Amino acid sequence: MNVPALNRIDGERARRDIFAPDFREEPYWWTAAMPEDTDGAASGYLPAKADVVVVGAGITGIVAAIHLARSGLDVVVLDSQRIGEGAARRNAGFIGRTLKRSVGWLTKRSGREHALGVYRELDRALKGVESFVREEQIECFHRTCGRFIGANSEAHLRGLVDDLEDMRQALGFEYQMVQPKDVRSEIASDRYHGGAVIPDLGSIHPGLYHKGLVDRAKTAGVRFYGRTTVNAIERQGDKHSVRTSAGDIVAGHVVITTNGYTSADLKWYARRVIPFSGFILATEVLPEDLIERVLPKRRTYLDTKVNIDFIRPAPDSSRILFGGMTGTKSTSALPLAAPLHERLVGILPDLKGVRLSRAWTGFCAGTFDFMPHIGREANVHFALGYNFAGIPIGTHFGMLLANRILERGDTRSVFDTDRFPTFPFYRGNPWFVPMAMRYFDWHDRRIARE
Ligand SMILES: Cc1cc2nc3c(=O)[nH]c(=O)nc-3n(C[C@H](O)[C@H](O)[C@H](O)COP(=O)(O)OP(=O)(O)OC[C@H]3O[C@@H](n4cnc5c(N)ncnc54)[C@H](O)[C@@H]3O)c2cc1C
């Protein structure tokens with residue numbers, strides 16, 4: 001046997017050794033909250049009309065549907081997949097005031113007042129999801145666990161502290177700096193040059209959160225139709241004809257909440273969102289003392305790169321979840337399991353030899369201006385483009401969309417859009433994403449050298 005053949009066999013064996021016997025390529029969250037086939041999908045029957053048709057059964061669409069149905073409207077939710085098969089039950093469950101643009105960056109671009117307004121609304125969204133979970137009594141392991149942000153270099157640490165201090169002074173968002181010598185009190189890693197803890201950020205079990213939303217929507221009378229793709233929306237006087245793979249439905253109002261899964265048929269929207277693939281691993285069940293050693297405070301953890309690596313303990317079992325390599329061109333998480341596992345062990349060497357029980361992927365939605373958008377196009381309401389942080393802002397926008405249709409209460413948003421940028425010739429095929437991620441990696445290395 002020659003050497004290359006031996007290397008191939010060793011490589012194969014190493015790859016196989018990272019998978020636990022119960023490994024499945026499926027979101028970990030689905031163990032507790034499997035996507036649902038709905039009555040509508042089973043019967044194939046679509047009603048002829050509804051007061052409101054919501055396209056996309058993620059967090060945003062269902063929160064809107066709950067508020068609308070409780071106000072007495074007849075609401076139908078359509079989704080091209082099973083209910084809960086989108087990002088809502090695939091994400092990492094971090095809850096924050098997250099935006100890819102800092103207060104400083106926004107201040108330079110659009111003025112101090114706008115920059116502070118953006119972060120005030122992100123804070124409202126964060127508090128909104130917390131109070132919504134509490135008021136609705138959704139059992140989804142919500143915890144204000146705090147977030148540790150590890151600095152990937154001394155220059156990154158300076159930038160991080162500048163941003164956090166700016167927000168503390170202007171907006172009162174507290175943080176605690178973590179000196180390089182104290183990093184191990186937060187995470188068993190030598191990767192970081194210090195960092196910071198933001199104590200009021202949280203986490204949830206996203207599968208159970210979304211399932212809780214679906215259950216409450218059904219109780220409010222919302223009808224769900226999975227495996228039903230909306231192909232076109234046409235104006236019919238003061239109503240809309242929604243053309244779907246299961247027939248047409250006439251609606252008084254239409255709401256588009258399709259985010260990273262926006263299909264090409266929804267042209268105006270598909271031209272404005274950039275689908276990015278995210279990838280997450282879940283380890284096998286680990287000894288409690290190992291988790292205690294590596295993540296002693298059981299927070300959420302990420303770093304200061306644009307293309308972050310992120311870590312959290314599972315809320316309902318003793319496993320660790322890890323994500324990274326966002327934007328890599330792959331329709332499956334399987335080819336990335338080995339490099340991601342290697343990355344995880346690089347950050348947490350104590351996990352050497354730990355195997356994986358799940359790996360999965362899902363689509364987030366970037367936008368050309370890195371901002372989420374809510375608005376109205378051709379009399380159709382929309383909210384999408386969350387740039388990797390849709391749990392709080394999706395919940396918040398869902399409530400705003402409902403209020404706009406009901407013409408009541410809180411309707412205003414700093415993210416209200418009269419300009420939702422696209423790019424010439426862009427039709428929804430994000431061929432440039434891997435290149436953009438390589439640019440961000442180069443950019444992060446450049447800052448690290450400063
Ligand atoms: C791997 C990963 C990790 C993430 N981590 C976090 C995190 O930690 N914290 C956080 O806040 N956010 C995170 N996000 C982002 C968050 O999950 C999303 O922003 C949010 O779930 C998306 O909005 P949504 O729930 O409203 O829509 P989704 O759940 O994405 O649902 C959109 C739905 O629209 C449907 N659809 C599309 N086109 C059509 C059509 N033509 N007809 C009918 N239906 C259609 C799709 O089938 C899909 O189910 C993450 C996302 C991913 C993928």
>> Among 283, 104, 359, whose Cα projects farthest towards the positive end of the dipole of the chain, with charges put on the beta-carbon of Lys, Arg (+1) and Asp, Glu (-1)?
In response: 104
> Within the stretch 28-449, what percent of beta bridges assigned by DSSP are antiparallel, to the nearest 5?
Replying inline: 70
>> Spelling out what I want: for every residue of the stretch 355-372, take phi, set θ = phi - 60°, compute 6.51 cos²θ - 1.76 cosθ + 1.60 (Karplus), and round to whole Hz; glycine and proline get x.
In response: 9, 9, 10, 9, 8, 7, 10, x, 9, 9, 10, x, 9, 5, 10, 6, 10, x
> To two decimal places, what compactness ratio does the stretch 28-449 give when its Cα radius of gyration is scaled by 2.2 N^0.38 Å?
Replying inline: 0.96
> In the chain, with Lys and Arg counted as +1 and Asp and Glu as -1 at Cβ, which of these residues, 266, 144, 397, has the Cα nearest the positive end of the dipole, that is, farthest along it?
Replying inline: 266
>> Please list, ordered by chain and number, the residues whose modelled amide H lies under 5 Å from the amide H of residue 244; skip anything fewer than 5 residues away on the same chain.
In response: 231, 249
> In Å and whole numbers, how far do the C-alpha atoms of the stretch 98-247 stretch along each principal axis, longest first?
Replying inline: 62, 38, 28
> Order of 167, 177, 437 from fewest to most other C-beta atoms within 10 Å?
Replying inline: 177, 437, 167
> Given +1 on the Cβ of Lys and Arg, -1 on the Cβ of Asp and Glu, and no further charges, what dipole in debye does the chain carry about its Cα centre, rounded to the nearest 20?
Replying inline: 740
> How much mean residue ellipticity at 222 nm does the chain get from its helices, if each DSSP H run of length 4 or more adds -39500 (n - 2.57) and you divide by all residues, to the nearest 500 deg cm²/dmol?
Replying inline: -11000 deg cm²/dmol
> How high is the FRET efficiency from residue 236 to residue 292, r the C-beta distance, R0 60 Å, rounded to 0.05?
Replying inline: 0.50
> What's the exposure ranking of 243, 97, going from fewest to most Cβ atoms within 10 Å?
Replying inline: 243, 97
> Using the count of nearby Cβ atoms within 10 Å as a rough guide to exposure, how do 30, 360 rank from fewest to most?
Replying inline: 30, 360
> Using 1/(1 + (r/R0)^6) with R0 = 56 angstrom and r between the beta carbons of residue 376 and residue 26, what's the FRET efficiency to the nearest 0.05?
Replying inline: 0.90
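Values in this text are rule-based calculations from the coordinates and carry no lab data. Keep in mind it's a predicted model, so treat the numbers as computed, not measured. FYI the Cβ positions are ideal-geometry reconstructions off the backbone, even for glycines, and counts take in every protein chain you see.
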